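These notes concern the structure reproduced below.
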Amino acid sequence: MTTLLNRIGIDGYQVLRTEATKPLKIHVKPEARTCSCPCCGGGRLHSKGRYQKQVRHLDRFGEPTCLVVHTRRLRCRDCHHCFVPPLPGILAGRHSSEPFREDAYRQYDNGICVSTLARILHIGSATIERIYHQFTERKAKERLSLRCPMVLGIDEHTLHKGQPPHAQLSSEWFLCFFLRFLLFLNHLYDSNPLWFGFPLYGKLLSVNSIRIL
């Protein structure tokens, strides 16, 4: 049971102790690992003293929770650059952990309004909007590496399921018009083929290579 309660949802930390305050504070320290200077890449480092960083984390037992990370500030002997080693699950310059930020993004994306979510998480509305925009941009960049499908399948039965006859004719007319419009543009720019981008996949693909079944 003790091991389960000490889990914070981020790998790479050792739980030192907890403080039953409001918000609840969990003191942790990063597990020992090799580190290099982010400026010159050198490995000749020495400690400049202890350093603590407090960030907001996922609620624990329904109470707001903060992580107090105990680490050290390092100095490179080669370029004399001072820095704090990267912390797992906590980006530089952030005041909240990545699990907390992703949870706020998902709740906002699921339809909870900003004011209500700000009251639940005890953070500002501007912070929630900033987190949402950052995660939306990040997920859009992740889709850029996905490949656009070579075959676009349209299930006619599913498309017309539950629709009245006039709606079925409207959808068929729109689909026919859309395909003819693509062929027209492709013919118009024959010397410079039209490149059609799918926002869901982010990969640009020629219209000639798309088959519609």
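A few comments on the model shown:
- So GLY93, is it under 24 Å from HIS122 (Cα atoms) and free of Cβ contacts under 8 Å to residues at least 40 places away in the same chain: yes
- Test result for ARG101, modelled with pLDDT of 90 or more, surrounded by 14 or more Cβ atoms within 10 Å (Cβ to Cβ) and part of a strand (DSSP E or B): no
- The requirement of being within 23 Å of ILE26 (Cβ to Cβ) and among the hydrophobic types (A, V, I, L, M, F, W, C) is satisfied by VAL69.
- Residue in region 94-106 that is touching a strand residue (DSSP E or B) at 6+ places or on another chain (Cβ under 7 Å), within 23 Å of GLY12 (Cα to Cα) and among the aromatic types (Phe, Trp, Tyr) present: yes
- Scope region 111-139; condition of a type in the set (S, T, N, Q) and either closer than 26 Å to VAL84 by Cα or at pLDDT below 90 (or both); matching residues: THR127, GLN134, THR136
- Among (1) polar (S, T, N, Q); (2) surrounded by 12 or more Cβ atoms within 10 Å (Cβ to Cβ); (3) out of contact with any His (no Cβ under 7 Å at 6 or more places or on another chain) - the single one THR34 does not satisfy: (2)
- Within region 71-80, tally of residues that are in contact (Cβ under 8 Å) with a residue 24 or more places away in the chain and loosely packed, with under 15 Cβ neighbours inside 10 Å: 4
A quick yes/no check of all residues on (1) in the same structural domain as GLY124 (by TED's automatic domain parsing); (2) under 30 Å from HIS122 (Cα atoms); (3) of a type outside the set (Ser, Thr, Tyr):
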residue	(1), (2), (3)
ILE8	no, yes, yes
GLN14	no, yes, yes
THR21	no, yes, no
LEU24	no, yes, yes
VAL28	no, yes, yes
GLY41	no, no, yes
ARG56	no, yes, yes
ARG72	no, yes, yes
CYS76	no, no, yes
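- Qualifying positions in region 27-36 - in contact with a Phe, Trp or Tyr (Cβ under 9 Å, 6 or more places away or on another chain) and modelled with pLDDT of 90 or more: VAL28, LYS29, PRO30
- Unmet requirement for LYS139, which otherwise passes all of (1) within 21 Å of the chain's Cα centre (by Cα); (2) under 23 Å from ASP11 (Cα atoms); (3) surrounded by 12 or more Cβ atoms within 10 Å (Cβ to Cβ); (4) not acidic (Asp, Glu): (3)
- Condition check for GLY12: at positive phi, surrounded by fewer than 16 Cβ atoms within 10 Å (Cβ to Cβ) and at pLDDT below 90: yes
The values are calculated or read from the model by the stated rules, or taken from the named source; none is laboratory data. Computed from a predicted model, the values in this text were never measured in an experiment. A quick note on method: Cβ atoms are made from the backbone with ideal geometry, for glycine too, and the neighbour counts reach across all protein chains shown.
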